[in-house]
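**Student:** Here you go, one structure.
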Amino acid sequence: MALKLKWLWLLICLLSAAGCNAPLKDERTLELTPGEKKEIVIDGTRYKQKIKVAVDSPGAAVSVHVFLETDKDAAESAIFANKKDSELILASEKKVEQAKLEADVPANQAVVIRIHNDSVKDAKVTVKTTN
């Protein structure tokens, strides 16, 4: 009887997790020289999700932009042209040492988090991404 209950419990756990997105919990530390940019790509999921990005860059200002990977070229053009209200940019903060961003990501779409060192000093940037 105890064995049947264990199997039943396992089956319930598996079925309850089958319809949900896996939790996103990504933390990275990036080192950027002045003017350097780096990107983090987060794979898409089967369902629409809201991602949260926390950036910490003590002593060096950075700019952070979040956009869909499919819009990468056009989004980078908008960033370069300093278009503040571009609908391609899901979230952004400019020239900050700390930022907390949220972005709604459509189903099956990878998202890019682009970090640019705006400082004249090297930057050690911690990026935490969750959903």
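**Student:** Amide H neighbours of Lys48 under 5 Å, counting only residues 5+ apart in sequence or on other chains, H built in-plane at 1.01 Å?
**Tutor:** Ala107
**Student:** Right, here's the next one. So how do Asp104, Asp122 line up by other beta-carbon neighbours within 10 Å, fewest first?
**Tutor:** Starting with the residue having the fewest Cβ neighbours, the order is Asp104, Asp122.
**Student:** Step through the residues of the stretch 89-104 one at a time and calculate ³J(HN,Hα) from phi using the Karplus curve (6.51 cos²θ - 1.76 cosθ + 1.60, θ = phi - 60°), rounding each to whole Hz and writing x for Gly and Pro.
**Tutor:** 8, 6, 6, 7, 9, 10, 6, 10, 8, 9, 8, 10, 10, 10, 9, 8
**Student:** Across the stretch 42-50, in residue order, what do the Karplus-derived ³J(HN,Hα) couplings come to in whole Hz, using 6.51 cos²θ - 1.76 cosθ + 1.60 with θ = phi - 60° and x for Gly and Pro?
**Tutor:** Working through the residues one at a time gives 9, 4, x, 10, 5, 10, 4, 9, 9 Hz.
Only the coordinates and a few stated rules stand behind these numbers; no lab work does. These numbers were taken from a predicted model, which means no experiment stands behind them. Methodologically, a virtual Cβ is constructed for each residue, glycine included, from the backbone with ideal geometry; neighbour enumeration extends over all protein chains shown.
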